[in-house]
Amino acid sequence: DIQLTPGAPRRHNGCFTDMGSWMGFTLSEKEKPTAGFCGPFSIYYRNWYARSLVSLIDGTVQEQSYYPGEIRMSLKKDGADFYESLQFVDARTALLTVTNPSKVPFTFTADSISTRANVSRYKNRVTIGDFYGERVIIDFPQEVKVTDTDHNYLATVPRGVEQLTIAISLVEQDTEASVQHVHTASLLANPKVALDENEKR
């Protein structure tokens, strides 16, 4: 059972993780829905980075499901449908694929970032950390406009974008982060390659 909304009274008892990663995600509980996958959860430090790190503003969850190697969610916003899929492609990186058939503009933000975490942005990269040196990095593709808000971010996707891929990474040190930045740029340049490899497993 990987349904758990952060902040729920019961203890965390399971999450979706893969490829040996030390971060995990959950699906929100029906009574406490979120407009995105819950987490990530730091498995090593037992801390939630956010209620939902990438949340669709004004979105309402319609369906969510878990498959081996993947979690999925469908949402609705102002009559438009959105489909999300989260897959781990290596121990540090999960790719979030967002499909927007109507090609309407929309905006992501984080739902309830931990007050213990710092939030910073460099261009289209948002860094949230750190728990004892550990941090989470969100990399948005170039067509997305990312801006700062109070202890949060806004990522605005313009009209006309039918599909995009967002990278969510967990790193421990500055040296790891530097290597990860290069790796993530390569992944986002052609995410289909990594996602196809994941499908073959």
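The values are calculated or read from the model by the stated rules, or taken from the named source; none is laboratory data. In this text the structure is predicted, and so the values were computed from the model without any measurement. No Cβ is skipped: glycine too gets one built from the backbone with ideal geometry, and neighbour counts run over all protein chains shown.
At a glance:
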read-out: Failed condition for PRO141, given (1) closer than 23 Å to SER42 by Cβ; (2) in a loop (DSSP other than H, G, I, E, B); (3) not aromatic (Phe, Trp, Tyr); value: (1)
read-out: The range 144-169 - residue that is outside any strand (DSSP E or B) and touching a residue at least 40 places away in the same chain (Cβ under 8 Å) and, of those, nearest to LYS192 (Cα to Cα); value: GLU162
read-out: Odd one out for GLU84, checked against (1) acidic (Asp, Glu); (2) more than 22 Å from THR184 (Cα to Cα); (3) at pLDDT 95 or above; value: (2)
read-out: Close pairs (6 angstrom Cβ cut-off, 6 or more residues apart or separate chains): touching a residue at least 12 places away in the same chain (Cβ under 8 Å) and assigned to a strand (DSSP E or B) in the range 99-112, buried (at least 17 other Cβ atoms within 10 Å of the Cβ) and β-branched (Val, Ile, Thr) anywhere; value: PHE106/VAL157; PHE108/VAL54; ASP111/THR34
read-out: From the options ALA117, ALA110, residue that is among the aliphatic types (A, V, I, L, M), under 17 Å from ILE138 (Cα atoms) and modelled with pLDDT under 95; value: ALA117
read-out: Complete set of residues in the range 73-95 that are more than 19 Å from GLY160 (Cα to Cα) and either among the aromatic types (Phe, Trp, Tyr) or touching a residue at least 40 places away in the same chain (Cβ under 8 Å) (or both); value: MET73, LEU86, GLN87, PHE88, VAL89, ASP90, ALA91, ARG92, THR93, ALA94, LEU95
read-out: Residues of the range 88-130 satisfying the condition of being over 30 Å from GLU197 (Cβ atoms), among the small types (Gly, Ala, Ser) and crowded, with 18+ Cβ neighbours inside 10 Å; value: SER114, ALA117
read-out: Residue count for the range 35-62, restricted to those that are farther than 12 Å from GLY7 by Cα, over 15 Å from the mean Cα position of the chain (by Cα) and either in contact (Cβ under 8 Å) with a residue 60 or more places away in the chain or exposed (fewer than 15 other Cβ atoms within 10 Å of the Cβ) (or both); value: 6
read-out: Matching residues, the range 157-178, being at pLDDT 95 or above and either crowded, with 16+ Cβ neighbours inside 10 Å or aliphatic (A, V, I, L, M) (or both); value: VAL157, VAL161, LEU164, THR165, ILE166, ALA167, ILE168, SER169, LEU170, VAL171
